1. Name the residue from ALA176, SER91, SER61 whose Cα lies farthest towards the positive end of the charge dipole of the chain, charges +1 on Cβ of Lys and Arg and -1 on Cβ of Asp and Glu.
2. What lysines could a cross-link reach from LYS157, if we take a straight Cα to Cα line under 23 Å and drop same-chain neighbours fewer than 8 places away?
3. Once every DSSP H run of n ≥ 4 in the chain is given -39500 (n - 2.57) and the sum is divided by its residues, what mean residue ellipticity at 222 nm do you get, rounded to the nearest 500 deg cm²/dmol?
4. Residue-wise, which Karplus ³J(HN,Hα) couplings in Hz belong to segment 81-87, taking 6.51 cos²θ - 1.76 cosθ + 1.60, θ = phi - 60°, and x for glycine or proline?
5. For the chain, what is the charge dipole size about the Cα centre, in debye to the nearest 20, if Lys and Arg each add +1 at the Cβ and Asp and Glu each add -1 at the Cβ?
6. Within the accessible area of segment 90-184, what % is carbon and sulfur when the probe is 1.4 Å and the other protein chains stay in place?
7. For THR125, enumerate residues with amide H under 5 Å from its amide H, sequence gap 5+ or separate chain, H modeled in the peptide plane.
8. What percentage of the solvent-accessible surface of segment 3-62, computed with a 1.4 Å probe over protein heavy atoms, is contributed by carbon and sulfur atoms?
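The values are calculated or read from the model by the stated rules, or taken from the named source; none is laboratory data. Since the model is a prediction, treat every value here as computed from it, not as a measurement. As a convention, Cβ positions derive from the backbone with ideal geometry for all residues, glycine included, and neighbour counts pool all protein chains shown. Side chains are part of the model used for accessible areas, which takes the heavy atoms of the whole protein and leaves out ligands, DNA and RNA. Shrake-Rupley method; radii C 1.70, N 1.55, O 1.52, S 1.80 Å.
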Amino acid sequence: MFIAIEGIDGSGKSTAITKLRDRLVSRGFAVHVTSEPSQSPIGRLIRDWLLKPNSGVAHPSVFALLFVADRVQHYYGEVKPMLDKDYLVISERYMESTLAYQGAMGLPMSWLIELHRPVPRPDLTIILDVPVDVAVNRLRSRRELEVFEINKDFLEKVREILLSRAREVDYPVINADRSIGEVVDDVFDIITRYLRR
Ligand code: TMP
């Protein structure tokens, strides 16, 4: 089973995923946790260049093309091999991140969806939702902010797209402006309900 956890920067995805993994492992699941941008050379290029606030001007389509290229490599190079070994794979960010972030950069949704033709959708996509103010306060405690984390209006747009996609495609949305325990309980319930189906 392939699960994607999505949400704006500062929504608490990493912390929730770590706790979720521990809980799933303690119930006997083989779990592989991964994230995007991935550890592939394309993922490194994205982090070392594109996401630095002083990276210079790159056309929004360069963001989309690199994030999707990284995703295709990540899926076939890491996610699928682990799924084939019967691991439950949890990815911090996947397709919805590109639709939301690069959509918020002004790129057409239909093109962004089309770019994803080479990769399958996750079995389950879960959105962790927090108000932008809450997210930005959390991010301020981190040292070096990345390019999108410094722009509240941009994050508002990203959040709006994530929520409208969730309504359209029927993704579960978890209120992540609560204690980490409550958030993980909800995510865990959604996953176990899905597995029982
Ligand atoms: P991270 O902070 O979750 O590691 O992600 C790095 C940044 O990259 C974050 O601001 C979200 C952004 N991003 C995109 O703009 N498009 C994408 O497809 C992905 C995966 C991330």
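1. SER91
2. LYS13, LYS52
3. Numbers: 8 runs with 90 residues, N = 197.
Using -39500 (n - 2.57) per qualifying helix, the result is -14000 deg cm²/dmol.
4. Karplus-based 3J(HN,Hα) across segment 81-87 equals x, 6, 4, 4, 8, 6, 7 Hz.
5. On the way: 27 positive and 28 negative charges, 69 e Å.
Result for the chain is approximately 340 debye, rounded to the nearest 20.
6. Numbers: 2250 of 4730 Å².
It is 48 percent, rounded to a whole number.
7. For THR125, the qualifying residues are ALA4.
8. Percent of accessible area from carbon and sulfur atoms in segment 3-62: 54.
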